[in-house]
1. Residue separation times 0.36 nm, minus the C-alpha to C-alpha distance between Arg82 and Ser119: what's the value?
2. Let me know the volume per residue of the alpha-carbon convex hull for the stretch 21-143, in Å³.
3. Once you sort the root eigenvalues of the Cα gyration tensor of the stretch 55-121 as a ≥ b ≥ c, which label holds: rounded (a/c under 1.5), prolate (a/b larger than b/c) or oblate (the other case)?
4. Keeping all protein chains in position, work out how much accessible area Glu73 exposes to a 1.4 Å probe, and write it in Å² to the nearest 10.
5. How large is ³J(HN,Hα), in whole Hz, for each residue of the stretch 96-107 in order, when computed from phi with the Karplus curve 6.51 cos²θ - 1.76 cosθ + 1.60 and θ = phi - 60°, using x for Gly and Pro?
6. Using 7 Å Cα-to-Cβ label points, what is the Ala126/Asp102 separation (nm, one decimal)?
7. Just grab the label-to-label distance for Asp40 and Arg65, each label 7 Å out from Cα along the Cβ direction, in nm (one decimal).
Amino acid sequence: MLICLILPLAGCAGVADAGPGTRSADVAVPSYRPTPDAPDYCDALAGSTHLAGVPAAVGVLAAERGDVEAELELTAAIDELRLIGDGVSDQGGSPRLRAAVDDLVDALNSARDDGVTTSVREVVSAALDDVGRLVQPACRFPS
């Protein structure tokens with residue numbers, strides 16, 4: 001599922017074991033091929049080049065607050081998510097999905113601006129989980 005490809009969580013072992021500073025793919029979901037009825041935001045989300053860097057950036061910021069490279073990676077992911085959220089709204093996507101994308105943007109902003117604590121990491125994880133769960137019916141990402 002998308003969430004395991006973006007942020008390694010319990011039950012997603014082995015997906016992003018490469019460690020900080022390395023990405024498991026150039027895009028979030030490299031094997032995604034949209035179905036004819038899938039909204040465009042699905043392809044945009046799967047083709048994200050910065051969401052794949054979120055786990056490493058969050059990990060770096062947990063260890064070293066203020067790391068410029070990690071902050072820039074989160075900023076780029078935030079920018080991509082804002083565009084994806086606009087696409088959700090423009091293409092008649094669920095208001096709950098738009099809210100979940102906005103919550104993820106807020107969580108990443110907090111991680112970048114306020115530092116990564118255990119509670120911030122939990123909020124980021126929950127927000128990623130919500131986006132993954134809500135986007136799956138429309139996008140049908142490979143699991």
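1. Result for the pair: 11.0 nm of gain on full extension.
2. 90
3. It is prolate, given that a/c is not under 1.5 and a/b is the larger ratio.
4. 30
5. Per residue, the Karplus-derived 3J(HN,Hα) values read 5, 5, 4, 5, 5, 5, 4, 5, 5, 4, 4, 5 Hz.
6. So the label points at Ala126 and Asp102 sit 1.8 nm apart.
7. The answer from the label model is 4.1 nm.
The values are calculated or read from the model by the stated rules, or taken from the named source; none is laboratory data. Quantities reported herein were computed from a predicted structural model and do not represent experimental measurements. Note that we place each Cβ from the backbone using ideal geometry, even for glycine, and neighbour counts take in every protein chain shown. In case anyone asks, the SASA skips ligands and DNA or RNA and just uses the protein heavy atoms, side chains included. Shrake-Rupley method; radii C 1.70, N 1.55, O 1.52, S 1.80 Å.
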